[in-house]
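Asks: I'd like to ask some things about the structure below.
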Amino acid sequence: MINTNQIARMTLISLLIVGCVLVLYPFMPAMLFAAVICVFTWPLYQHIWRLLGKRDTLASLTMTLLLLVALILPMAYLAVNLADSATVLLDEAQSALQSLQPAAPSWLKALPIIGEQLAESWQRALVSHEELMRLLDQYSEPIREFLLQAVQLVMGGFLQLVLVVFVAFFFYRDGARLSDVITAIVRRLGGELGQEMLTLSSSTVKGVMLGVFGTALAQASVALFGFWLAGAPMPLLLALATFFLSVIPVGPPLVWGGASLWLFNHGDHGWAIFLLIYGLLVISTVDNIIKPILISHTSRLPLLLVVLGVLGGVLMFGFIGIFLGPTLLAVGLTLVSHWVVLQNKRADEVV
């Protein structure tokens, strides 16, 4: 016999859950990113919490201020100056192309081994110089619009990051209680396997964050040295931009490529070529080598799954996918491994 009261209660509960999800849905990326940051920095929070006499609110406020300094201030500076910098970069590119000489410079021909080949390539490029300039004039306005959209995207990211820091304060303050509730729910629903997946997900998030920020710090350090050595303008600011944009696959090349173009357009041809080669062989190589190693070493995932998880996560979920991709693959690998173990046990019992 159908109990009408039970059906009514279940319907109301379901509608309430759906309503809560719809209300929180626009903030899900920020909440998820805040949770990832809190999981990664939880040991630091625990250390500060003990130093401050185990006062939750004061320790949470201290961690929030640290996040403001580490995330919000650099992002705000980049967001404010991005529009002017993008316009200057486009003007520099146009000026550099317009000022190309009909013959390759003597210093280019004098380069050992590759000098003659570069000079010939220079001559071939000038054959279509006028057509190149027409194309540049034709697409300059769409490029400017694209740069403006990039500025709007960065400004939106800045506002989202502010929300992330705000949410992180409450996650820090109530983190211990939230962890107990989540652990109890997972253990109730998934048993030992659920507990294992939760632990593996946490270690994977920590590994991915270590890889991302460790690589960012390494890239910013080597980039700072290269910018300073080449005489690029404001090397510290460029290194900061490299650090922040390192989470985007094409981020650092935009920085050192723009600095190289600036040097070339101001007559420092040798240093411009040096910075271009240095950025390609050193700065970008750091991302391709250090990040997968750090992530794989910490999360104990196969390197191939780490790379596929990061790339696939970015394509599917955007920035948050850097963390979601490897985590989902780690959980999937745990399920498959557990299923294989169960099947082997059953096979041994039958035998």
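Asks: Of the residues ALA239, ALA216, which single one is within 18 Å of LEU281 (Cβ to Cβ), of a type in the set (A, V, I, L, M, F, W, C) and crowded, with 19+ Cβ neighbours inside 10 Å?
Replies: On the way: ALA216 fails: within 18 Å of LEU281 (Cβ to Cβ).
Every option except ALA239 fails the conditions.
Asks: Can you pull out the helices (runs of 4 or more DSSP H) entirely within the range 1-83 that have at least 2 residues that are of a type in the set (Gly, Ala, Ser) and farther than 27 Å from LYS206 by Cβ? Spell out how you get there, then give the answer.
Replies: Values: elements: 4-24, 28-51, 56-67.
Output list reads 4-24.
Asks: Please determine, by comparing only the residues of the range 59-75 that are in contact (Cβ under 8 Å) with a residue 24 or more places away in the chain and farther than 21 Å from GLY175 by Cα, which one is surrounded by the fewest Cβ atoms within 10 Å (Cβ to Cβ). Don't jump to the end; show me each part of the working.
Replies: We begin by selecting, within the range 59-75, every residue in contact (Cβ under 8 Å) with a residue 24 or more places away in the chain; these are 59-61, 63-64, 67-68, 71-72, 74-75.
Right, trim to farther than 21 Å from GLY175 by Cα and you get 72, 74-75.
Numbers: ILE72: 17, PRO74: 15, MET75: 19.
Of everything passing the filter in the range 59-75, PRO74 is surrounded by the fewest Cβ atoms within 10 Å (Cβ to Cβ).
Coordinate-derived values only; no laboratory data. Keep in mind it's a predicted model, so treat the numbers as computed, not measured. Reconstructed Cβ throughout: ideal geometry from the backbone, glycine too, with neighbour counts over all protein chains shown.
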